[in-house]
1. Could you work out how far apart the two model spin labels at B:Thr113 and B:Ala20 are, taking each label as a point 7 Å from the Cα in the direction of the beta carbon, and quote it in nm?
2. Step through the table entries A:Lys70/B:Lys62; A:Lys70/B:Lys83; A:Lys36/B:Lys71; B:Lys11/B:Lys44; B:Lys11/B:Lys83, compare each Cα-Cα distance with 25 Å, and write down the pairs that go over it.
3. Not counting the cut sites, what is the longest span of chain B without trypsin sites (Lys or Arg not before Pro) that DSSP labels loop and that have at most 14 other Cβ atoms within 10 Å?
4. Under a crude label model (7 Å from the Cα following the beta-carbon direction), how far is B:Lys78 from A:His71 in nanometres?
5. Report the FRET efficiency, 1/(1 + (r/R0)^6), for A:Gln80 and B:Leu70, where r is their Cβ-Cβ distance and R0 is 30 Å, rounded to 0.05.
6. Aspartates and glutamates near A:Lys67 by alpha-carbon distance under 16 Å, same-chain residues fewer than 8 away left out - which ones?
7. Taking 8 Å as the Cα distance limit and 6 or more residues as the minimum spacing, I'd like the relative contact order of chain B as a percentage.
8. So what does the Cα-only Debye profile of the protein assembly as shown read at q = 0.08, 0.18 Å⁻¹, as log10 I(q)/I(0), no solvent term?
Amino acid sequence: GEDVEQSLFLSVREGDSSVINCTYTDSSSTYLYWYKQEPGAGLQLLTYIFSNMDMKQDQRLTVLLNKKDKHLSLRIADTQTGDSAIYFCAEKVPTDKLIFGTGTRLQVFP
Amino acid sequence: EAGVAQSPRYKIIEKRQSVAFWCNPISGHATLYWYQQILGQGPKLLIQFQNNGVVDDSQLPKDRFSAERLKGVDSTLKIQPAKLEDSAVYLCASTPTSGYTGELFFGEGSRLTVL
């Protein structure tokens, strides 16, 4: 089946690390993605990971993939107020479509 | 490089009226997607085109929604007649080809309000 789940909200203090979690169900997924959506805007790709990797680091972003548990996480180091947005996890299935999660709203307070 | 263009950005109609949304993908992108994003939810795929052929329209409510991509470039999504539950942002996205990282490039979306 195709289903991607995320927690709805996360609130962190500026300067702390944020960890957003995601679980997916399709074991044939080839790539997994994190997209960011700011109010009134489209979705912007933050980072992606190939399904045969277990970690990817890109500046302040660290993606961890546990393929056995079908669990994906995004860690944002030194979270800033500009990071406040909705973060979507997505999996790419063999038909080349992306299945998106429900989104996690990250709120960063000073 | 120009991004994915969508119009109109906003549309307000009454139920049972019709509406059409237009999308121009990034030049050279073969695959085009229409997603529906209801407030508070993640985007849901409505239809996927590869050039001018339909790859997946399994979640398109075909009794009221239609989409076309006649020349394999720009695309139109139509809703007729609209229902209250069609209020959403309609996102268009494109990718060059299959078999690479698969990143979707999204437009800013067309926000539909049905009264």
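1. 2.4
2. Details: A:Lys70/B:Lys62 33 Å; A:Lys70/B:Lys83 37 Å; A:Lys36/B:Lys71 31 Å; B:Lys11/B:Lys44 20 Å; B:Lys11/B:Lys83 14 Å.
Result: A:Lys70/B:Lys62; A:Lys70/B:Lys83; A:Lys36/B:Lys71 exceed 25 Å.
3. Working: sites that count: B:Arg9, B:Lys15, B:Arg16, B:Lys62, B:Arg64, B:Lys71, B:Lys83.
Segment B:17-61 is the longest.
4. Modelled inter-label distance: 4.9 nm.
5. Numbers: r = 45 Å, r/R0 = 1.50.
Computed FRET efficiency for A:Gln80 and B:Leu70 comes out at 0.10.
6. Leaving aside aspartates and glutamates fewer than 8 places away in the same chain, those within reach of A:Lys67 are A:Glu2, A:Asp3, A:Glu5, A:Asp26, A:Asp54, A:Glu91.
7. Working: 286 pairs, mean separation 42.6, N = 115.
For chain B, the relative contact order is 37 percent.
8. -0.29, -1.33
Computed from the coordinates by the stated procedures, all read-outs in this text should not be read as laboratory data. Here the structure is a predicted model, which is why all the values come from computation and not from measurement. Virtual Cβ from ideal backbone geometry, glycine too; neighbours counted across all protein chains shown.
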